[in-house]
Structure formats: structure tokens, C-alpha cells
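All remarks here apply to the structure that follows.
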Amino acid sequence: MSAGAPRGAGRPDGGLRASLSGLTTRGRSFLAAGIAAAGCAYVLGQGELLRVGLLLAALPLICVYALHRTRYRVSGSRRLTPGRVPAGAEARVQLRMDNVSRLPTGLLMLQDRVPYVLGPRPRFVLDRVEPGGRREVSYRVRSDLRGRYPLGPLQLRLTDPFGLVELTRSFSTYDTLTVIPRTEPLPPVHLGGESSGYGDGSRRSLALAGDDDVIPRTYRRGDDLRRVHWRSTARYGELMVRREEQPQRSRATVLLDTRRIAFEGAGPDSAFEWAVSGAASALVHLLEQGFSVRLLTDTGNSVPGEGGGGFSSGGHESAEAAGLMMDTLAVVGHSDGAGLSRAYDAVRGGGAGGFGGAGAEGLLIAFFGDLDDVQTEMAAKMRQRAGGAVAFVLDSATWAGQPAQNHALPPLEQRLRRLRDAGWTALAAPPGVAFGELWRHAGTARLSTGTSGGRA
């Protein structure tokens, strides 16, 4: 990831008046002392003192004018490696300054603006740069909080040899560091809902990654006339041919509950952040196992989008979809919704790429916060549309350290029992538990019920 090469011209914006505002404390002190000395010399009639006062007052003004008339130009660039890092990992930022003028520069102070969550603001002092010369410096940034953080703009401070004036010139471009949730490596387990192309389930879904599928397309020279689809030809008014059926690809939906009322607390160790990290781990694992995956929230929004029913395709498109889903999780926040009805509609199908239609198909992995009786029933109904369903349920009272009797919701075990009765593999997620262990337990619980399925 690299920024462009912004260039700083010789003069700062705002003219000479803006340059006067660049006087340092030392420069203002010299100017004030000179004016005071000149005033005292005039009152007392001391010629020597007057000359000293004029010298003290003139020196900072001369430095201001000299810096204002500086004609050398510099270009700056920034390289961010990598541009997307997990929370807690470091990224390296490399800065390069080039003197593109015919004059050598003076002392340069380089400063890059970064959000406070990434660490202290980096500052560097660059010695004289010869004409056509180059200087490179680097620093590292890290954040324990996911999000998207701007780096820049790059600022260049010019100063005179006496330290009386300091002018700041900013470049125009900046980079963006994306801090994605932490992920855990997950073991392959049997969760059900897989198509036979990748597992042992009996259901099939057409691959979205192949060159062809069963949707008719326009006739191309050389196509076999035996593949002409006459119904589509009559409908579209041009020759259409049937596409060949391709290898099967399993589908999976990862549902993340983001309702504000379902989670309490904030910070890296909160219940919501655990759910986001768990969803990211599940997405990465399922994509590695060859699934066509989508990310769904309680708002009904689907990532990577509506193309292909909202599910990712294979190959290069799958990698792009993975990056899009991780970028979404990097900035996902709480929603103001009160229920799961929109997510239920999306899971049902309704043209949004759900599991509805010909029958239950696909794997559903859900991360739920607090569920009242109504939302528990809504979540239970989602199971009807999935070939396999696993729910990780978080209890806000437990995560926030509150007494259970103060929590005005059905007991956690009651919510889990209702989901299990509906066919979910439902597990509680207590504070501090490793998601990899819960994932393994989900596979064990699935096998103990006697239900077979492919590997996830």
C-alpha cells in the first residue's frame, strides 16, 4: 500500500502574514525584547541600546522573510505494509523525502499524523538534503482496537538555524490502515449442511466459481447447437444456449447479532468484540474449507452483496469477498434494531440468497447476544431453513459481571434448550473462552446427536 507523492511548493499558504505566525517562543521573545529595548533607548536617549534593540527585533523578522522566500521543493511518499492487519499486530510505515529542487534544504523536521490509538505521533529530524537527494525513515503502528485509521497528512516543518521561526507545510495525501478482528485457527469438524462436493451431505448447490452454470447465455460461435435453449431464445429474441452444470460448492452463512440491546460493555474484552472475532474466525475457516460464504447481520444486510445470492464465489473472487467481509467486520458497530426479523427474512431466502426455495440447504453459524422469549423463537425458526445450524449464545450479565438475578431475561440455559429443541447445536460462550474450543465442542455435540455431515 503506498500513497502518492505529494509535493510542497516553496511558499506556505497564507502569504507573509501566515509566516509571521510561525514565530517560535524564542522568536517572539527576541522580537518583544528588541521592541522593549528600542522603546527604552528612545526614552533614555541611549543610542547603543537602540542598536541592540533593533538587532533583536530584526533578527526574527529576517528569518521569517528568509523562510517565506524559500524556493526549494520536496516531494514526500508513504508506504504502508501491510494495509490490513489483525488487532494487536504491527504495520510498518516507511516515509521518503526527495529534494526535487536545485537548492539544498536546511534542517527539516518530519511529522506524520496518526490517531492516538495507533501510538505516539512519529517525529523525525532530517539533516541537510542535497539537490536530488533522498532521505528515508520508518516507524511502526499497532492497535488493539479494530477499525479503519487514517495515516496522514504528512507534515514538514522548516526552521531557521537560530530556532526563531518554524513553518509547517502539509502534504495532501494519506493512507488508511485497516485493523481487522483477531482470528483463531479452527479444527475441521462435522457441522452438517454441506453439499456433496465438499462433504457427506446429500444436498447440492450449484457452484458459483465455474465458467458455466445452468443459466442460459447468448450463443457464441462454435457452441453445440444441441445446447440451444429454445424457451429462452423465444423470450429474449436471440439464440440462447444452456450452460453446463459445474461441480458442487457448499454454502454457509455467518450471522452476527449486532443489536445494541443484546450486548453490554465495550472494549477489546467485551462480549460484542468476542462475537465479532468469532465471526471472523468462522468466515476465514469456512472459506479455507471451500465453502461459498456470506456474512449476515441482524439488519438483514449481506456481505459480499447480492451478486450470486449474496454468497462469495470461488478462486480470485472468493479472496476479494474475504477481504470485503473482513473490512466490514473491522468497522461493524452496534445496530439500533430490537429484533431478528430482518435476519430471519434474509435466511428464509426471499431472493436474497437464503436457504429457502427447494428445501433446506447450507450451513448457518450464528453469534447471538441476549435473546428474550420473542427473539429466541425467531432464532429457533431460522433453523428450518438450514441444513446445519450452530449457535454461540453470549449472556451480557455474565460478561459484564452482573448478578444473574438482576438480568431481566430468561435464564441462559432456557434459551439454549429452546434452540436445541428446534434443531440448533447451541452452545454458551462464557467470558474468556477460546473460540477454537467452542468450535470443537460444536462438532462433538453434533456427532453425539447422531447427525452426519461434511467437514467444516
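Structure data summary
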{"read-out": "Pick from the range 224-262, criterion open to solvent by 10 Å² or more (accessible area, probe 1.4 Å) and among the β-branched types (Val, Ile, Thr), ranking: modelled with the highest pLDDT", "value": "Ile261"}
{"read-out": "First in the range 118-143 and touching a residue at least 24 places away in the same chain (Cβ under 8 Å), second anywhere and part of a helix (DSSP H, G or I) and surrounded by fewer than 18 Cβ atoms within 10 Å (Cβ to Cβ), Cβ under 9 Å, 6 or more apart", "value": "Ser143/Val117"}
{"read-out": "When residues of the range 293-302 are limited to those that are of a type in the set (S, T, N, Q) and out of contact with any Leu (no Cβ under 6 Å at 6 or more places or on another chain), the one modelled with the highest pLDDT", "value": "Thr299"}
{"read-out": "Matching residues in the range 135-148 - criterion: being open to solvent by 30 Å² or more (accessible area, probe 1.4 Å) and either in a loop (DSSP other than H, G, I, E, B) or among the charged types (D, E, K, R) (or both)", "value": "Arg135, Glu136, Arg140, Arg142, Asp144, Leu145, Arg146, Arg148"}
{"read-out": "Filter pass, Gly265 being out of contact with any Leu (no Cβ under 9 Å at 6 or more places or on another chain), assigned to a loop (DSSP other than H, G, I, E, B) and modelled with pLDDT of 80 or more", "value": "yes"}
{"read-out": "Options Thr176, Thr183; residue that is modelled with pLDDT of 90 or more, β-branched (Val, Ile, Thr) and either open to solvent by less than 20 Å² (accessible area, probe 1.4 Å) or part of a strand (DSSP E or B) (or both)", "value": "Thr176"}
{"read-out": "Val43, sole failed condition from (1) surrounded by 14 or more Cβ atoms within 10 Å (Cβ to Cβ); (2) assigned to a helix (DSSP H, G or I)", "value": "(1)"}
{"read-out": "Scan of the range 80-105 for residues that are modelled with pLDDT under 90 and either in contact with a strand residue (DSSP E or B) (Cβ under 7 Å, 6 or more places away or on another chain) or open to solvent by less than 30 Å² (accessible area, probe 1.4 Å) (or both), ordered by number", "value": "Val100, Ser101, Thr105"}
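To keep it simple, each residue is scored yes or no on (1) farther than 25 Å from Ala18 by Cα; (2) surrounded by fewer than 17 Cβ atoms within 10 Å (Cβ to Cβ).
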{"position": "Leu56", "(1), (2)": "no, no"}
{"position": "Ile62", "(1), (2)": "no, yes"}
{"position": "Arg78", "(1), (2)": "yes, no"}
{"position": "Leu108", "(1), (2)": "no, no"}
{"position": "Asp112", "(1), (2)": "no, no"}
{"position": "Gly119", "(1), (2)": "yes, yes"}
{"position": "Gly133", "(1), (2)": "yes, yes"}
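The values are calculated or read from the model by the stated rules, or taken from the named source; none is laboratory data. Just so it is clear, the model here is predicted, and its values are computed rather than measured. We place every Cβ from the backbone using ideal geometry, glycine too, and count neighbours over all the protein chains shown. These area figures cover heavy atoms from the full protein model, side chains too; ligands, DNA and RNA do not enter into them. Shrake-Rupley method; radii C 1.70, N 1.55, O 1.52, S 1.80 Å.
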